[in-house]
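Please read the structure below before turning to the comments.
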Amino acid sequence: MSEDRAGLSEQPGSQWYDDEAGPLVRPYAMTGGRTKPGVTGVRFDLIALVTLDTGAPDVGDDTSLGPEHLALIDLCRAETQSVAELAAGADLPVGVVRVLLGDLLELGSVTVSRPVPPAQLPDERILREVIEGLRAL
């Protein structure tokens with residue numbers, strides 16, 4: 001079996017297999033060809049926070065979920081994470097993670113929230129004055 005410089009075998013169908021990485025799964029195969037989450041009204045920004053819903057039914061027996069869905073659930077099980085962190089942790093493209101999170105949101109397995117915008121956070125000067133006032137007591 002001959003190999004080129006990239007490590008790809010030159011047999012029929014070998015474009016789907018990389019000797020070093022193993023079988024390749026295209027992103028559209030993971031999402032069923034979808035490019036957008038099915039949930040409307042929810043924005044999966046890179047900084048959106050995803051939390052595992054502890055009151056959600058157990059998804060372990062759900063055969064409609066793929067291994068990528070389960071990987072995202074496992075990542076959320078430990079702690080709340082941003083969409084960007086989930087994509088990095090699952091080693092998936094952000095677009096794929098958004099579609100998969102839409103599936104999990106529809107099932108009620110996760111909740112998505114937005115972090116507090118910096119404009120709504122208290123001013124640092126005010127916080128310093130409060131700290132100085134507490135120290136003065």
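Points to keep in mind about this one:
- For Ser82, the residues whose modelled amide H falls within less than 5 Å of its own, excluding neighbours fewer than 5 places apart on the same chain, are Val50.
- Rg over Rh for the stretch 33-136 works out to 1.15, using Cα positions for both radii and the Kirkwood form for Rh.
- Under the simplified labelling scheme, the Val42-Arg128 pair shows an inter-label distance of 4.1 nm, with each label point 7 Å from Cα along Cα→Cβ.
All of the numbers you see were taken from the coordinates with simple rules; none came from a lab. Remember, predicted model here, so these are calculated numbers, not experimental data. So basically every Cβ, Gly included, is an ideal-geometry build from the backbone, and we count neighbours across all protein chains shown.
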